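Notes to accompany the following structure.
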Amino acid sequence: MASHNRDSRRQRLQPLAAAWLAIAMGFGMASAQADDLPKIPNKKPLKVGFAQTESNNPWRLAETQSFKEVAARCGWQMVMTDANGSNSKQVSDIQSMIAQHVDLLVFPPREEKPLAPVVLQAKKAGIPVILVDRNVDQSVAKAGRDYITFIGSDFIDQGHRAADWLVKATGGKAKIIELEGTTGASAANDRKKGFDEVIAKNPGMSIIASQSGDFARDKGRQVMETLLQAHPDVTAVYAHNDEMALGAIAAIKAAGKQPGKDIQIVTIDGTKGGLDAIAAGELGASVQSSPFFGPLACDVAQKFAKGEKVPTWVKVSDRFYDKGNVQESMQYGY
Ligand code: AHR
């Protein structure tokens with residue numbers, strides 16, 4: 001049963017991954033890899049290090065699972081670690097993979113700045129790197145010059161899309177609490193930037209409080225509880241991910257208000273929990289942020305190993321879910 005589900009899921013996702021790659025390959029071909037970048041050896045099995053940031057939410061679990069599933073097809077022998085939400089552990093996990101001489105490093109940098117130097121250390125040690133999901137500070141380590149590519153969503157655009165929906169849903173009038181993701185993560189920085197840009201152009205909309213809930217459900221609930229007491233006039237919530245939105249929904253209900261009616265909520269990710277909350281009328285909308293990077297990373301690595309250039313940003317395109325399409329979109333939840 002479980003393996004049947006996995007197989008049918010894979011069948012659903014593989015054409016999607018190919019489509020993403022096809023779209024992405026059309027972009028950015030002008031910028032490509034410097035000739036002195038470490039090469040991916042053309043051998044099987046290829047020893048690939050995958051250093052996860054944490055495993056405390058469905059998004060992270062789906063991301064890790066997508067690498068486990070693609071490993072056999074791609075001829076990858078995986079070395080996997082979990083940094084448990086610590087930048088310094090993720091850095092030391094990667095340093096240990098460098099010391100083990102893995103053939104390729106793939107990882108989502110937890111924060112932009114603390115994870116940038118280890119990308120340079122890998123390059124110095126002759127180990128090629130592909131970043132997935134989040135990026136590093138480009139003034140320290142640059143895609144195409146210091147690592148092969150960044151595979152991921154346009155987080156600024158996700159923020160724009162969330163804000164556009166909220167402007168429409170509230171008729172351009174709202175007092176918003178923003179629950180930010182992990183401070184210093186590119187996902188949090190850019191989702192904030194994109195959302196705030198749109199809100200700034202709408203005089204009837206104001207962000208009355210903005211605080212980090214660290215992309216975690218319980219932290220999101222705690223922060224929302226506190227902010228609800230300080231701002232009882234709140235009419236909308238923008239959470240940088242579904243897990244914090246679900247935490248906020250719990251806090252709103254505990255305060256005797258109705259999520260989706262008294263307070264409109266918009267978020268990002270498209271997890272199963274998020275889609276269920278849309279179907280229940282508690283969450284207004286969620287911009288998808290796909291965690292399924294395994295097949296994309298495999299395709300990019302194989303192309304690069306053959307000597308082909310790949311774009312320095314392999315951009316993933318994301319769906320959008322609200323009450324209009326949530327029922328037919330349930331299959332994409334994870
Ligand atoms: O970097 C992507 C974000 O990280 C996802 O939105 C979130 O759920 C995860 O922890």
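Applying the selection to segment 208-247, what residues are of a type in the set (Gly, Ala, Ser), more than 11 Å from GLY181 (Cβ to Cβ) and surrounded by 20 or more Cβ atoms within 10 Å (Cβ to Cβ)?
Within segment 208-247, ALA236, ALA245, GLY247 meet the criteria.
Kindly list the number of the only condition in (1) more than 17 Å from HIS240 (Cβ to Cβ); (2) in contact with a Pro (Cβ under 8 Å, 6 or more places away or on another chain); (3) not basic (Lys, Arg) that fails for PHE292.
Among (1) more than 17 Å from HIS240 (Cβ to Cβ); (2) in contact with a Pro (Cβ under 8 Å, 6 or more places away or on another chain); (3) not basic (Lys, Arg), PHE292 violates only (2).
Can you pull out the residues in segment 129-147 that are more than 12 Å from PHE107 (Cβ to Cβ) and part of a loop (DSSP other than H, G, I, E, B)?
If we filter segment 129-147 for residues that are more than 12 Å from PHE107 (Cβ to Cβ), which is where we start, we get 137-146.
If the condition is that a residue be more than 12 Å from PHE107 (Cβ to Cβ) and part of a loop (DSSP other than H, G, I, E, B), then ASP137, GLN138, SER139, VAL140, ALA141, LYS142, GLY144, ARG145, ASP146 are the ones that fit.
Could you tell me which of the residues GLY144, GLY171, GLY159, GLY181 is over 26 Å from ASP214 (Cα atoms) and not assigned by TED's automatic domain parsing to the domain that holds CYS298?
Just a single option satisfies the conditions, and that option is GLY171.
Across segment 63-83, which residue is least open to solvent (accessible area, probe 1.4 Å) among those that are in contact with a Ser or Thr (Cβ under 8 Å, 6 or more places away or on another chain) and within 16 Å of the ligand (Cβ to nearest atom)?
The qualifying residue least open to solvent (accessible area, probe 1.4 Å) is ALA83.
Only one of (1) part of a helix (DSSP H, G or I); (2) within 16 Å of the ligand (Cβ to nearest atom) is not met by PHE150, so which one is it?
(1)
Kindly establish whether MET97 is more than 12 Å from the ligand (Cβ to nearest atom), in the same structural domain as LEU37 (by TED's automatic domain parsing) and in a strand (DSSP E or B).
Answer is no for this residue.
Filter segment 250-263 for residues that are touching a Leu at 6+ places or on another chain (Cβ under 8 Å) and open to solvent by less than 40 Å² (accessible area, probe 1.4 Å) and give the result.
Correct list: ALA251, ILE252, PRO259, GLY260.
Assess whether ALA297 counts as being away from the ligand (no atom under 14 Å from the Cβ) and over 21 Å from the mean Cα position of the chain (by Cα).
So ALA297 does not fit the description; no.
I need the full set of residues from segment 42-62 which are open to solvent by 20 Å² or more (accessible area, probe 1.4 Å) and touching a strand residue (DSSP E or B) at 6+ places or on another chain (Cβ under 6 Å), in order please.
PRO45, LYS47, SER55
Which residues, counting only those in segment 101-122, are in contact with a strand residue (DSSP E or B) (Cβ under 7 Å, 6 or more places away or on another chain) and surrounded by fewer than 22 Cβ atoms within 10 Å (Cβ to Cβ)?
ASP103
Could you please find all residues in segment 154-177 being crowded, with 23+ Cβ neighbours inside 10 Å and either modelled with pLDDT under 95 or closer than 19 Å to GLY274 by Cα (or both)?
Correct list: PHE155, GLN158, GLY159, ALA162, ALA163, LEU166, ILE177.
So which residues in segment 210-265 are on the phi < 0 side of the Ramachandran plot, within 16 Å of the ligand (Cβ to nearest atom) and assigned to a loop (DSSP other than H, G, I, E, B), if there are any at all?
Hits for segment 210-265 are GLY213, ALA216, HIS240, ASN241.
When you go through ARG134, ARG145 one by one, which is the residue that is of a type in the set (Lys, Arg) and either open to solvent by less than 10 Å² (accessible area, probe 1.4 Å) or within 16 Å of the ligand (Cβ to nearest atom) (or both)?
Selected residue: ARG134, the only one of ARG134, ARG145 that is of a type in the set (Lys, Arg) and either open to solvent by less than 10 Å² (accessible area, probe 1.4 Å) or within 16 Å of the ligand (Cβ to nearest atom) (or both).
ILE156: assigned to a helix (DSSP H, G or I) and within 16 Å of the ligand (Cβ to nearest atom), yes or no?
Here the answer is yes, as ILE156 does meet what is asked.
On the basis of being in contact (Cβ under 8 Å) with a residue 12 or more places away in the chain, surrounded by fewer than 16 Cβ atoms within 10 Å (Cβ to Cβ) and not assigned by TED's automatic domain parsing to the domain that holds TRP59, does GLU197 make the cut? Step through it out loud before you land on a result.
Working: in contact (Cβ under 8 Å) with a residue 12 or more places away in the chain: yes; surrounded by fewer than 16 Cβ atoms within 10 Å (Cβ to Cβ): yes; not assigned by TED's automatic domain parsing to the domain that holds TRP59: yes.
Against the criterion (in contact (Cβ under 8 Å) with a residue 12 or more places away in the chain, surrounded by fewer than 16 Cβ atoms within 10 Å (Cβ to Cβ) and not assigned by TED's automatic domain parsing to the domain that holds TRP59), GLU197 qualifies.
The values are calculated or read from the model by the stated rules, or taken from the named source; none is laboratory data. These figures come from a predicted structure and were not determined experimentally. Note that we place each Cβ from the backbone using ideal geometry, even for glycine, and neighbour counts take in every protein chain shown. The accessibility values were calculated without ligands, DNA or RNA, using every heavy atom of the protein model including side chains. Shrake-Rupley method; radii C 1.70, N 1.55, O 1.52, S 1.80 Å.
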